[in-house]
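Taking it in order: structure first as structure tokens, then the write-up.
The values are calculated or read from the model by the stated rules, or taken from the named source; none is laboratory data. Quick caveat, the model's predicted, so the values are computed rather than measured. No Cβ is skipped: glycine too gets one built from the backbone with ideal geometry, and neighbour counts run over all protein chains shown.
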Amino acid sequence: MSADGLRSEAEQAVDPLAGIRAFGRIDLSVQNRNGMTIRQRVREEGAFRIRFPRERLNRLDAILVNVAGGVAGGDHYQVQVTAGAGTRTALSTVAAEKIYRSAADVARIDVSLRLDGDAQLFWLPQETIIFDQARLARRIDVDMAPTARLTFCEATYLGRTAMGESVREIDWREAWTLRRGGRRIFAERLRLNGDATQALLSKATGAGLRSMATLIHVAPDADALCEPLRERLARHSADRCEAALSSFDGMLIVRMIAWHGHDIRQCLVDCLSIFPGADLPRSWQT
């Protein structure tokens with residue numbers, strides 16, 4: 001890890017573990033030049049990298065890479081993306097992000113996305129896997145112009161069910177806010193603290209299922225995708241992937257929950273194929 005990813009000597013004097021904690025930051029801005037989306041500013045700090053594996057005529061793909069190999073207690077990662085007017089950009093991760101156990105400190109992930117007029121942004125990270133005794137606080141803030149288009153996907157698995165893992169102690173917090181034209185159109189706050197396996201046993205909270213995903217699409221014509229999406233979701237009902245869809249005011253939201261993460265992933269891939277221009281980044285296909 002580079003020296004930029006380590007805390008200061010003063011911090012280490014107070015906390016002897018500060019020196020092994022990771023910090024990473026990505027700052028990306030893109031612009032439209034003659035109909036092509038190109039990089040305007042790219043900044044990497046600490047344990048975070050961004051790569052551009054495929055050049056497209058009409059879309060810029062970017063892959064986030066955590067060279068620390070995962071997220072542990074006390075780590076802090078930041079992503080800031082500005083999509084200029086008329087740009088088309090897709091962001092993903094090179095692999096699933098793993099949140100490891102922590103003795104006390106909370107890991108933080110902060111994401112800020114800005115979409116200018118007529119920009120189209122696909123936020124398509126691969127799944128987040130939260131292990132037993134992990135502590136995570138994640139904040140995602142989106143500020144988009146009225147004519148911008150956003151396709152946003154986040155999937156989270158509590159442990160790896162195929163490995164027989166249980167999550168008996170956890171502190172997981174989410175804070176998401178979406179604004180369009182300066183007006184808040186979506187806000188979500190979640191906290192799961194304590195025995196996650198027990199908390200999700202009841203039908204009201206998850207019926208024992210521990211893999212979940214949220215898909216949000218914001219666009220002037222979002223309502224037109226409702227029926228095609230319902231047809232796709234019906235295909236996966238037999239796979240024990242329960243899903244529901246709602247749509248209003250140029251925004252549709254899909255919620256999914258399943259026992260196995262691969263069922264969620266298959267359902268997401270099928271649904272995302274409906275969205276115009278949402279070809280999955282190469283990292284999803286490996």
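When we screen I264, I257, I216 for residues that are of a type outside the set (G, A, S), more than 25 Å from D132 (Cα to Cα) and in contact with an Asp or Glu (Cβ under 9 Å, 6 or more places away or on another chain), the only hit is I216.
Each row is one residue, and each column tells you yes or no for (1) over 22 Å from R39 (Cα atoms); (2) out of contact with any Lys or Arg (no Cβ under 8 Å at 6 or more places or on another chain).
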position: G84; (1), (2): no, yes
position: I109; (1), (2): yes, no
position: F152; (1), (2): no, yes
position: G159; (1), (2): yes, no
position: S166; (1), (2): yes, yes
position: T197; (1), (2): yes, no
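With respect to (1) over 25 Å from I130 (Cα atoms); (2) at pLDDT 95 or above; (3) of a type in the set (A, V, I, L, M), the lone exception for V81 is condition (1).
Candidates in segment 80-110 are the residues that are of a type outside the set (G, A, S), assigned to a strand (DSSP E or B) and in contact with a Phe, Trp or Tyr (Cβ under 8 Å, 6 or more places away or on another chain); of these, the one that is surrounded by the fewest Cβ atoms within 10 Å (Cβ to Cβ) is R101. Looking across segment 52-76, the residues that are more than 28 Å from D171 (Cα to Cα) and under 17 Å from the mean Cα position of the chain (by Cα) come down to D61, A62.
To keep it simple, each residue is scored yes or no on (1) of a type in the set (V, I, T); (2) farther than 27 Å from G206 by Cα; (3) touching a Leu at 6+ places or on another chain (Cβ under 9 Å).
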site	(1), (2), (3)
A95	no, no, no
W123	no, no, yes
L136	no, no, no
T156	yes, no, no
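For residues that are assigned to a strand (DSSP E or B) and touching an Asp or Glu at 6+ places or on another chain (Cβ under 9 Å), scanning just segment 37-47, find the one that is surrounded by the fewest Cβ atoms within 10 Å (Cβ to Cβ). Taking the candidates together, the pick is R41.
Looking only at segment 65-79, residues that are assigned to a strand (DSSP E or B) and in contact with an Asp or Glu (Cβ under 9 Å, 6 or more places away or on another chain) come to 6 in all. Would you point out the residue of segment 111-144, among those that are assigned to a loop (DSSP other than H, G, I, E, B) and in contact (Cβ under 8 Å) with a residue 60 or more places away in the chain, that is nearest to the chain's Cα centre (by Cα)? My answer is P125. Does segment 150-162 contain at least one residue that is in a helix (DSSP H, G or I) and of a type outside the set (A, V, I, L, M)? Yes, segment 150-162 contains at least one residue that is in a helix (DSSP H, G or I) and of a type outside the set (A, V, I, L, M). Picking from residues in segment 271-286 that are part of a helix (DSSP H, G or I) and loosely packed, with under 15 Cβ neighbours inside 10 Å, the one that is modelled with the lowest pLDDT is Q285. For D141, are the conditions met, namely being modelled with pLDDT of 95 or more and not aromatic (F, W, Y)? So D141 passes the test. Might you check whether a residue that is over 24 Å from R265 (Cβ atoms) and either basic (K, R) or modelled with pLDDT of 95 or more (or both) occurs anywhere in segment 156-172? Yes, because at least one residue in segment 156-172 is over 24 Å from R265 (Cβ atoms) and either basic (K, R) or modelled with pLDDT of 95 or more (or both).
Against the numbered list (1) at pLDDT 80 or above; (2) in contact with a strand residue (DSSP E or B) (Cβ under 7 Å, 6 or more places away or on another chain), R240 comes up short only at (1).
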